[in-house]
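A short write-up of the structure that comes next.
The values are calculated or read from the model by the stated rules, or taken from the named source; none is laboratory data. Everything numeric in this text was worked out from a predicted model, so none of it was measured. As a convention, Cβ positions derive from the backbone with ideal geometry for all residues, glycine included, and neighbour counts pool all protein chains shown. For the accessible areas, the whole protein counts, side chains as well, though only heavy atoms, and no ligand, DNA or RNA atoms are used. Shrake-Rupley method; radii C 1.70, N 1.55, O 1.52, S 1.80 Å.
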Amino acid sequence: MNVSLSLYLHFPYCWSKCHYCAFNSVRYDKPQSLRFLSALKMEIARYGGRPEVRGRRLISLYMGGGTPSIFTADQVLEVLDCGRRHFHFADDIEITMEANPGTVDREKLTALRKGGINRLSIGVQSFQDDELAWLGRAHNSRVARKAYGRAREAGFENVNLDFMYSLPDQRLEDWNRTLDEAIGLGPEHLSAYALTIEEGTRFGADYDHGLLMLPDEERQIRFDEWTRAKLAGAGYLRYEVSNYARPVYACRHNLGYWSQQEYLGLGPGAHSYVGGRRFSKMEDIDAYIRDIEKGGEAIEESESIGPDLAFREALIFGLRKTEGICFDEIRNRYPRTDSGRLQQTFEQWSLDELIVLNPPRVRLSSKGLCLWDRIAEEITAVF
Amino acid sequence: MQTAIRNFSIIAHIDHGKSTLADRILEHTGAITLREQRDQILDDMDLERERGITIKAHAVRLEYQADDGKPYHLHLIDTPGHVDFTYEVSRSLAACEGVLLVVDATQGVEAQTIANAYLAMEHNLVILPVINKIDLPSADVERVARQIKEVLGLDRSDALLASAKEGIGIKEILEAIIKRIPPPRGNPDKPLKALIFDSWFDNYQGAVVLTRVIDGRVGIGSKIRLMSTQKEFEVVELGFLTPKKKSVPELSAGEVGYLIAGFRKVSDTKIGETITDALHPTSQPLPGYKEIKPMVFCGLYAVDSEQFEDLRDALEKLRLNDSSFTYEPETSLALGFGFRCGFLGLLHMEIIQERLEREYRLNLISTAPTVIYKILTNRGEWLSIDNPAKLPDPSHIQRFEEPYIRATILTREDYVGSLLALCQEKRGVQIELNYLDVDRVMLVYEIPLNEIIMDFYDRLKSVSKGYASLDYEHIGYRESDLVKVDLLLNGENVDALSFIVHKEKAYTRARLICEKLKEVIPRQMFEVAIQAAIGSKIIARETIGAMRKNVTAKCYGGDITRKRKLWEKQKEGKKRMKQVGRVEIPQEAFLALLKVKE
């Protein structure tokens, strides 16, 4: 099998838990984190030799979390080198690391850059201090600006900044100031996530108790449209629901998720799509470490994706990208498809202005992108 | 020996203690101890599960040694306790010589107390008033005794005091039954004349009937004839329920028991039917037989159209045990294939629907209940309309009639004002307003049945904080100024939502229903126009705005499975809705008609 592959590595530690965060992360615990690092390296070594992975070109590697940058540069690079030894890195591989302001200084960033990490994703979230405090972030805007500057000084030429918007009391002008400042810094890539309330988070509990309300639909859409227009004006193109980039800087790893690109996810709670199977790793860090140390694979759930499901996923996830999907390609790849029905559905949606038909391509309109989940429900119900 | 027999029923307003009193009487006569009673019931339930039959002990034979030293056979005949089943009650009473009229000492005379008492009087039965729950602190025996005298015209000195719960006054009641209720006076030597007052279906034996022999006798092996249908059968088993089945070779004049004669269906054994001897028939059947006709209709549809066959099987099975409901296939453009079902009343409808959903695990959509309208067409033919969608074009209608009822409402004086307003709103015509007591008022109204089946009972209870009771009887058809209102979703007529309403109320009702539909129909990705129309004239409109935002901002680390499962769950939810055109309509929308408050 010589199909390309992506690799995701999960680092489940943070200094503190943000109020919106439902990701698999816990407060940093040094003794456990050391065991975790060796387990992760064992896991990398173990998977690198497996037949479904062996020989496949790794085109992207993403270190996410949690806060990978909570570790020292040496620790991170040891993991990366382990990956390099056991996987076949493509020459132009994209290697991203997530970093939180306040966990990186010039030396660490310089070492990471030198060690081969070529893309840095900084969790800025906002340049308004009151918003950062409300979100439960551990940094303020000054520290965020500094982190960006240090990244540039360390030689990172591909930097992403993460933002959140559509916050309950946020005024459009507040968000606009953050956007202005972000654009002023000139990163290659911007992620702008509308706040969503997740179960099991502090916001989730507040929401259930009626203490927190999201802006109404009209307002959210106003924020969305503003964001898109503003960033487009500054040369950032929206390539996926929440992601914007300067030309050629779209995140390869991110795009992979929406393009049926296979990826291997290692570390506690990581998800994979390899060899036509989706599987996830144990979320509980101790359980994960113990299983890996015992020589296991720490699998939590696993399912096989048959052709019908794969077709549905190709459709749904493909439509998350602004370039959309190629109708002919889908039809060729999944010959069993009821393409008449698909055509009919698309035509109806086109009348509803949810999609734009541009044969052979089909993409969601900006109205349709706002309804992606609902469209996914419909596709699930019909196909 | 008929002199040793007493046939009686217990009648009461709901919750006045009828069942508890029956239990005490069973215990006191030693029919069963409390413990046995429980075991007995459990045994029967097991049996019920095993054999798929419904055990009814609706006519129990009790042995009682009275104070006069003689042994007596008491036949306690149960009656259904709801206004929907008035005819059944009347047939049960026709099998008796007397009744215990139970009145709650804390509540006093209620609407069903009066209705039941009148029914007993019509049958010339001896009425023994029993003032129950005298042990409760709020009991007002004096007041209730006065009501019994003034409202019902019964001798207050005849009233017996009891607390069925505490077992007080039971013996006195039994003695009064012996002394004051006359024994049956049929002639055992005349040709057989026996009344069917109840029946149920047994998987092995077919329909089992409960019967009161009026004249003559019937034995095992007798050839009998049912007089309304002239069908003949041979008796294979006879007996008493004690409450266990105890078979006997013969039942004779004055006795009450069960009879099995190879009746294949419950519908062969109609309540009120007269049984006679096929060889020596009587010339005249018993009076009072009526063909029971359903009064309230609705469409029943399986949400999942693949369950259509299951629904038909379930209806067929239920009808084996209950011949008072009817069903026939119908087709709705909106809902597909289903059945138009007829019921005695709203409660009956609810019971059947609940059984279909619970016992047969069907997921149903029911349309709003309707009554039968009568239409005289221009061509001079009469049509009965049990489904608003089937109404002919108004230009073909010469005369439009709807059924009326006569409602008796008893209430505390404080609520009279709101009840008058409610009856007025429901197009009622006042017939009577009487003070029964210093603070008890009886209202009698004639009201169109279609107003009653909307939400009348719930409203009555809510405006009176539960202090008003209702009873009603059907009084026939009257001409009325009615129109059909159609509901359209994005221009498509949803036939299952059409309704018939009085012209003056059409606009208000239409507007309220549009509002209600707007509430219950989920937003779609496109705008949905809800319109109400009389003919081609739109009389109300609402718009459900399109859903505009529903998108996950971030799919964490490729956790696609979790998202996908959410969509699959949504898909299950969609299965519970009916798709009309492109609009998904939840079940509750079809009952919107019932939920609007004017």
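Couple of notes before you dig in:
- B:ILE500 being away from chain A (no Cβ under 14 Å) and open to solvent by less than 20 Å² (accessible area, probe 1.4 Å): yes
- Residue satisfying all of: in the range B:146-165; assigned to a helix (DSSP H, G or I) and over 12 Å from B:LEU436 (Cα atoms); farthest from the chain's Cα centre (by Cα) among these: B:SER157
- Scanning the range A:324-376 for residues that are within 14 Å of chain B (Cβ to nearest Cβ), in a helix (DSSP H, G or I) and of a type in the set (A, V, I, L, M, F, W, C) turns up A:PHE346, A:TRP349, A:LEU351, A:LEU369, A:TRP372, A:ILE375, A:ALA376.
- B:TYR72 meets all of the listed conditions (1) touching a strand residue (DSSP E or B) at 6+ places or on another chain (Cβ under 9 Å); (2) part of a helix (DSSP H, G or I) but one, namely (2).
- Residue, nearest to A:TRP175 (Cα to Cα), within the range A:225-240, restricted to residues that are assigned to a helix (DSSP H, G or I), touching a residue at least 24 places away in the same chain (Cβ under 8 Å) and open to solvent by 20 Å² or more (accessible area, probe 1.4 Å): A:TRP226
- Among the residues listed as A:MET42, A:MET63, the single one being assigned by TED's automatic domain parsing to the domain that holds A:GLU188 and out of contact with any strand residue (DSSP E or B) (no Cβ under 8 Å at 6 or more places or on another chain): A:MET42
- Exactly one residue out of A:LEU371, A:LEU351, A:LEU364, A:LEU342 is buried (at least 18 other Cβ atoms within 10 Å of the Cβ), hydrophobic (A, V, I, L, M, F, W, C) and more than 28 Å from the chain's Cα centre (by Cα): that is A:LEU342.
- The set of residues in the range B:186-221 being in contact (Cβ under 8 Å) with a residue 40 or more places away in the chain, charged (D, E, K, R) and assigned to a strand (DSSP E or B) consists of B:LYS193, B:ASP198, B:ASP202, B:ARG212, B:ASP215.
- Any chance A:SER242 is of a type in the set (Ser, Thr, Tyr), at pLDDT 95 or above and within 15 Å of the chain's Cα centre (by Cα): yes
- Within the range A:18-37, the set of residues being open to solvent by 50 Å² or more (accessible area, probe 1.4 Å) and either at pLDDT 95 or above or more than 20 Å from the chain's Cα centre (by Cα) (or both) comprises A:VAL26, A:ARG27, A:TYR28, A:ASP29, A:LYS30, A:PRO31, A:LEU34, A:ARG35.
- Residue within the range A:296-303 that is in a strand (DSSP E or B), at the interface with chain B (Cβ under 9 Å from one of its Cβ atoms) and at pLDDT 95 or above present: no
- Condition check for B:THR282: part of a strand (DSSP E or B), of a type outside the set (A, V, I, L, M) and closer than 22 Å to B:ASP189 by Cβ: no
- From the options A:THR96, A:THR72, residue that is within 14 Å of another protein chain (Cβ to nearest Cβ) and β-branched (Val, Ile, Thr): A:THR96
- Residue in the range B:286-297 that is open to solvent by less than 10 Å² (accessible area, probe 1.4 Å), at negative phi and in contact with a helix residue (DSSP H, G or I) (Cβ under 6 Å, 6 or more places away or on another chain) present: yes
- Hits in the range A:242-259 (condition: open to solvent by less than 30 Å² (accessible area, probe 1.4 Å) and touching a Gly at 6+ places or on another chain (Cβ under 8 Å)): A:TYR257, A:TRP258
- Hey, A:VAL53 away from chain B (no Cβ under 14 Å), farther than 21 Å from A:LEU109 by Cα, open to solvent by 10 Å² or more (accessible area, probe 1.4 Å) and not charged (D, E, K, R) or not: no
- Residue that is free of Cβ contacts under 8 Å to residues at least 40 places away in the same chain and part of a helix (DSSP H, G or I), where the choices are B:GLU432, B:GLU451: B:GLU451
- Pairing each residue of the range A:335-352 that is free of Cβ contacts under 8 Å to residues at least 12 places away in the same chain with any residue that is aliphatic (A, V, I, L, M), provided the two are 6+ apart or on different chains, yields C-beta distances under 7 Å for A:SER350/A:LEU357; A:ASP352/B:MET525.
- Residue in the range A:271-287 that is open to solvent by 20 Å² or more (accessible area, probe 1.4 Å), within 12 Å of chain B (Cβ to nearest Cβ) and assigned to a loop (DSSP other than H, G, I, E, B) present: yes
- A:ARG290 vs. criteria under 30 Å from A:ILE221 (Cα atoms), touching a Gly at 6+ places or on another chain (Cβ under 9 Å) and at pLDDT 95 or above: no
- Restricting attention to the range A:187-225, the residues that are in contact with a Phe, Trp or Tyr (Cβ under 8 Å, 6 or more places away or on another chain) and within 20 Å of A:ASN160 (Cα to Cα) add up to 9.
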